[in-house]
Amino acid sequence: MTIVTGQLGTIDPAHVRNVMAVVPTSVTVIAGQPELTGEHSAMIVGSFVFISLEPCFVGFFVGHESTSWPQLNKATVLGISTLGSVQTDICRKLGKKEADRFADGLWRRGAFGAPLVTGSVATMECQIENVTKIGDHDFVLARVLGLNTGSATNPLIFQNHEFSGLLPG
Ligand SMILES: Cc1cc2nc3c(=O)[nH]c(=O)nc-3n(C[C@H](O)[C@H](O)[C@H](O)COP(=O)(O)O)c2cc1C
């Protein structure tokens with residue numbers, strides 16, 4: 001369905017959600033351990049993007065209602081893991097209480113100490129360069145310290161409220 005609007009700011013938010021739901025995204029875990037509290041924190045984003053080669057920058061958007069982000073924002077190094085098609089269980093785990101999110105062997109430490117998800121398509125460790133408020137989200141620009149491809153080759157995709165693998169089979 002097409003909705004034409006002549007005025008800025010008059011688009012129904014429910015319509016925006018419905019349209020954006022059909023746009024596919026990758027599924028990426030942002031994880032970190034703030035030095036002061038020592039407790040891990042992690043969240044899923046669909047907004048992860050590669051931005052610049054030199055310097056090497058990536059970015060993602062965080063909603064202002066996120067309870068994980070204030071903790072992640074204090075982490076010295078962020079671990080970024082883009083999930084594979086068989087890793088939907090991680091998304092369910094990240095919906096649980098903070099303490100249970102890191103309760104099993106799905107995680108490993110990267111060379112710079114950040115928590116990374118084992119068996120991902122790609123992992124990287126980053127330092128936050130700056131955070132810019134854009135509408136009801138913050139845009140987080142992050143400098144890449146190190147990165148690697150993972151053991152998974154079929155990326156997990158989120159589209160129309162469902163998870164699936166990009167490649168058949
Ligand atoms: C596939 C998927 C993509 C998501 N993408 C984003 C995103 O780009 N930015 C964001 O702030 N939240 C995103 N979320 C929601 C967050 O993962 C999380 O639900 C939200 O931050 C609230 O949890 P928290 O309070 O523990 O942070 C996404 C969730 C899913 C399942």
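When the strands (runs of 3 or more DSSP E) confined to segment 1-107 are screened for residues that are modelled with pLDDT of 95 or more and surrounded by 10 or more Cβ atoms within 10 Å (Cβ to Cβ), those reaching at least 3 such residues are found at 28-32, 49-52, 57-63, 78-82. Could we say that ALA142 is assigned to a loop (DSSP other than H, G, I, E, B) and either in contact (Cβ under 8 Å) with a residue 12 or more places away in the chain or farther than 29 Å from ASN18 by Cβ (or both) here? Taking the combined requirement at face value, the residue does not satisfy it.
The values are calculated or read from the model by the stated rules, or taken from the named source; none is laboratory data. All values reported here derive from a predicted model rather than from experimental measurement. No Cβ is skipped: glycine too gets one built from the backbone with ideal geometry, and neighbour counts run over all protein chains shown.
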